[in-house]
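Participant: Before I ask anything, let me first share the structure, which is written out below as structure tokens.
Throughout, read-outs are computed from the coordinates displayed, never taken from laboratory work. What you are looking at is a predicted structure, and each value in this text was computed from that prediction instead of being measured. Heads up, the Cβs are rebuilt from the backbone with ideal geometry, glycines too, and the neighbour counts pull from every protein chain shown.
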Amino acid sequence: MLKRNLYLITAMACMLCFCSWYMKRQFTLFILGDSISLQYGSYLEKQLGAAVQVQRKGSQEAAMRNLDVPADANGGDSRMVLSYLRTREKDEAFKPDLLLLNCGLHDIKRNPTNGKIAVDTAEYRSNLNAIYALLAGKKIPVIWVRTTEVIDSVHAAKSKAFSRFSRDVNVYNAIADDVCGKYQIPAIDLYSFTLTQGDDRFADHVHYIPRVVQRQAGYIAEYLKQWRKEHKK
């Protein structure tokens with residue numbers, strides 16, 4: 001009986017060591033983005049498989065209840081992203097192997113009455129610079145995802161609470177491109193990829209039908225797999 005108990009204890013200890021080792025070797029991907037990332041995120045997690053542990057800043061389920069109001073796992077605009085990252089700056093546990101980052105669609109929201117934009121271009125650039133500086137300080141690699149499109153007529157017809165315009169998407173993507181170039185941050189061009197997904201790609205004012213969302217996830221997954229090969233992670 002004693003030998004059997006010792007055997008069981010030893011087996012359990014080995015299993016715990018294996019589980020601990022397995023968790024440590026998992027690649028951790030932190031997704032911090034807007035509602036577009038909430039949609040493709042679930043598909044992306046499945047496509048990346050068990051070897052990748054996907055993390056977010058809050059509840060995915062809660063964030064999905066209203067995609068237009070950023071909360072929980074929805075990163076919101078660049079001001080909100082920077083604010084969140086500052087709360088994690090001194091947190092030693094916050095050290096993902098890679099951070100997949102996007103913000104833009106909430107920045108370009110405009111008041112439909114007076115046209116005032118949520119985050120102006122100067123602050124957007126400043127926020128992106130500050131975000132990079134913070135992540136660089138923590139030695140967290142980052143990949144940027146370019147903001148997806150707005151079709152003015154579609155958005156105007158389906159959203160009355162706020163306005164968005166294609167011209168602003170182009171301006172803010174150009175700012176992000178400039179910041180990424182400055183710091184040599186790799187970028188996934190989800191904007192251009194999504195343009196090729198058919199005329200029926202929209203589910204509402206800016207979000208996409210499941211077929212398109214799955215393809216977005218596949219496109220990003222392939223990019224991430226190649227990045228890991230090149231960086232041996």
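Participant: Say R0 is 30 Å: what FRET efficiency, to the nearest 0.05, do Asn129 and Val69 get from their beta-carbon distance?
Facilitator: Working: r = 27 Å, r/R0 = 0.89.
Once rounded, the FRET efficiency stands at 0.65.
Participant: Enumerate by residue number the trypsin sites (Lys or Arg not before Pro) in region 120-161 meeting two conditions: DSSP loop (anything except H, G, I, E, B), and at most 10 other Cβ atoms within 10 Å of the site's Cβ. Please list the in-between numbers first.
Facilitator: Values: sites: Arg125, Lys138, Lys139, Arg146, Lys158, Lys160; in loops: Lys138, Lys139, Arg146, Lys160.
Here the trypsin sites (Lys or Arg not before Pro) that fit, given the DSSP loop and packing criteria, are Lys139, Lys160.
Participant: Just subtract the alpha-carbon distance of Phe162 and Glu92 from 0.36 nm times their residue separation and send over the number in nm, one decimal.
Facilitator: Extending this stretch completely gives an extra 21.4 nm.
Participant: Here's a follow-up. About the Cα centre, and with charges only on the beta carbon of Lys, Arg (+1) and Asp, Glu (-1), how big is the dipole of region 47-185? Nearest 20 debye, please.
Facilitator: Details: 20 positive and 16 negative charges, 33 e Å.
With only Lys, Arg, Asp and Glu charged at Cβ, the dipole is about 160 debye.
Participant: Grab the Cα-Cα distance for Asp189 and Lys138, subtract it from 0.36 nm times how many residues apart they are, and report the gain in nm with one decimal. Could the numbers behind the result be given before it?
Facilitator: Values: separation 51, 0.36 × 51 = 18.36 nm, distance 2.53 nm.
Here the segment from Asp189 to Lys138 would lengthen by 15.8 nm.
Participant: Right, something else. Calculate how many DSSP beta bridges within the chain are antiparallel, expressed in % of all such bridges and rounded to the nearest 5. The partial results should precede the final answer.
Facilitator: Details: 3 of 17 bridges.
That works out to approximately 20 percent antiparallel.
Participant: Related question: To the nearest Å, what is the center-to-center distance of region 103-158 and region 36-62, using C-alpha atoms only?
Facilitator: 21
Participant: Calculate the dipole size of the chain relative to its Cα centre from +1 charges on Lys and Arg beta carbons and -1 charges on Asp and Glu beta carbons; express the result in debye to the nearest 20. Kindly include the intermediate steps, with their values, before the conclusion.
Facilitator: Details: 33 positive and 24 negative charges, 208 e Å.
That gives the chain a dipole magnitude of about 1000 debye.
Participant: Would you mind computing, in nm to one decimal, how far apart the modelled labels at Asp200 and Thr113 are, each placed 7 Å from Cα along Cα→Cβ?
Facilitator: Distance between the two pseudo-spin positions: 4.0 nm.
Participant: Below 12 angstrom from the Cβ of Gly76, what's the summed charge of the other residues (Lys, Arg +1; Asp, Glu -1)?
Facilitator: Numbers: positive: Lys57, Arg79, Lys109; negative: Asp34, Asp68, Asp72, Asp77, Asp107.
In short, -2.
Participant: Please work out which option in (1) 55; (2) 42; (3) 48 gives percent of Cα pairs over 24 Å apart calculated from these coordinates, and answer with its label.
Facilitator: Here the calculated entry is (3).
Participant: Also, I was wondering about something else. Averaged over every viewing direction, what's the projected area of the C-alpha convex hull for region 181-233? Give it in nm², one decimal, please. Each step should come with its number before you reach the end.
Facilitator: Working: hull surface 19.1 nm².
In nm², the orientation-averaged hull projection of region 181-233 is 4.8.
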